[in-house]
Amino acid sequence: MLTGPDLKAFSKALSNPVRRDILSYLGEHGEANSTSVAKALGESTGTTSYHLRKLADLKLIAEIEERSNGRERWWKSLMTDIFTPPGLAMTADEREAALEIGALKMTQDLNLVVKAYAGYDTSAGWNQIYRSGVWMTKDQIAAFAEEYQTLLHKYVTEPGNRPPDSRRMAVRMVMLPDEGSGFALPAEADGR
């Protein structure tokens, strides 16, 4: 769960493409040192060391002290789900950071949706697309979100414990009031 200050730190980290790539790499591989990150990202070890320290300062990653020795420092991500509870009190700059993060993530999410539809027929069942509209109370929305998180965590595995035939999957959930999409069905489709 991200708080207002967390959102500011995360926004600052995401404003730099090398830091975004490092967070993504650590999210996929679990642990890394500056050399392995540098090799994977095509950056110098000096650059990745600097950005790893900055991410640690922002409390988005942490050093794995038992693996680190001398100049070789190992790091792990502290990021889990990106979730901000409804009604979170935020300052104006924290709210701005939340909007910036939302815009960055929405661009990525839109690309994922396009990719899912474009490759749907050839995905051999890997791409799953579901959309729905339901009537819910605020209590039902909260319960649904909690059940969704519980279900998602049931399938979380640690690096090194993943099934050999598994693939990293992008899973997103967005719930908001649908006050009318502005789209109307053609007369033939809705029976008029």
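Do we have T91 as open to solvent by less than 100 Å² (accessible area, probe 1.4 Å) and more than 30 Å from K12 (Cβ to Cβ) here?
No.
I need the full set of residues from segment 17-47 which are more than 26 Å from N161 (Cβ to Cβ) and either modelled with pLDDT under 75 or open to solvent by 40 Å² or more (accessible area, probe 1.4 Å) (or both), in order please.
P17, G42, E43, S44, T45, G46, T47, listed by residue number.
Here are T84, T107: which of them is of a type in the set (V, I, T), at pLDDT below 85, part of a helix (DSSP H, G or I) and within 14 Å of the chain's Cα centre (by Cα)?
Result: T107 is the single residue among T84, T107 that is of a type in the set (V, I, T), at pLDDT below 85, part of a helix (DSSP H, G or I) and within 14 Å of the chain's Cα centre (by Cα).
Is there any pair linking a residue in segment 54-71 that is open to solvent by less than 90 Å² (accessible area, probe 1.4 Å) to one that is in a loop (DSSP other than H, G, I, E, B), with Cβ under 7 Å and at least six apart or on different chains, and which?
L60/L78; L60/M79; I61/L78; A62/L78; E63/R73
Results for (1) open to solvent by less than 100 Å² (accessible area, probe 1.4 Å); (2) basic (K, R); (3) under 23 Å from N111 (Cβ atoms); (4) at pLDDT 80 or above, shown as yes or no for each residue.
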site	(1), (2), (3), (4)
L151	yes, no, no, yes
P159	yes, no, no, no
R162	yes, yes, no, yes
A170	yes, no, yes, yes
V174	no, no, yes, yes
G180	yes, no, no, no
L185	no, no, no, no
E188	no, no, no, no
G191	yes, no, no, no
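The values are calculated or read from the model by the stated rules, or taken from the named source; none is laboratory data. As the structure is a prediction and not an experimental result, all values here were calculated from the model. Positions of Cβ are generated from backbone atoms using ideal geometry, with glycine treated the same way; all protein chains shown enter the neighbour counts. Side chains included, ligands, DNA and RNA excluded: accessible areas come from the protein's heavy atoms. Shrake-Rupley method; radii C 1.70, N 1.55, O 1.52, S 1.80 Å.
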